[in-house]
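What follows is one structure encoded as structure tokens, with my remarks underneath.
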Amino acid sequence: MSSARRIWRLLNASCHDVSRLASESFDRELVGLERFALRSHTVYCAACRRYERQLRFVRAALCRLATETALAQSLGGPALPDEAREQIKRAVEDAETF
Ligand SMILES: [Zn+2]
């Protein structure tokens, strides 16, 4: 894809594209134009703002859980039950499909 076409596409990004960028922003640093596309889109799109907020919430919850689980395991406590593991997996999948 030419750079002009890529710029045009990012500046006119759909909610689908922006939700993908929001997800990717948790895995890698977005380049300048991607960051701009994400920020400018979420200024006027409540759905994408909500999606981004949900991603942050799930990520924070998983980080807290990982920390608490590691602490519990280091203290000889029980590992995360399979049922809780499945609930987390479903929550992450639901947040990603939005
Ligand atoms: Zn949107």
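In the chain, which cysteines lack any other cysteine Cβ under 4.7 Å from their own?
C15, C63
For S2 and R35, calculate 0.36 nm times their separation in residues minus their Cα-Cα distance, and state this gained length in nm to one decimal.
Extra length available between S2 and R35 comes to 10.0 nm.
Quick check: pseudo-label points 7 Å beyond the Cα along Cα→Cβ at D94 and V43, how many nm apart are they?
3.3 nm
Would you mind estimating how fast the chain diffuses translationally, via Stokes-Einstein at 4 °C and 1.567 mPa s with the Kirkwood radius over Cα pairs, in µm²/s?
Once the numbers are plugged in, D ends up at 84 µm²/s.
For A60 and D82 in the same chain, what is the full-extension length gain: residue separation times 0.36 nm, less their Cα-Cα distance, in nm?
5.9 nm
Looking at L21, S74, L62, which one has the Cα that reaches farthest to the positive end of the dipole of the chain (charges on Cβ: Lys, Arg +1; Asp, Glu -1)?
L21
How large is ³J(HN,Hα), in whole Hz, for each residue of region 40-57 in order, when computed from phi with the Karplus curve 6.51 cos²θ - 1.76 cosθ + 1.60 and θ = phi - 60°, using x for Gly and Pro?
Listing the rounded values in order: 5, 5, 6, 5, 10, 10, 5, 5, 6, 4, 5, 4, 4, 5, 5, 4, 4, 4 Hz.
The numbers here are math on the coordinates, done by the rules we state, and not lab data. Everything numeric here is computed off the predicted structure, so don't read it as measured data. Virtual Cβ from ideal backbone geometry, glycine too; neighbours counted across all protein chains shown.
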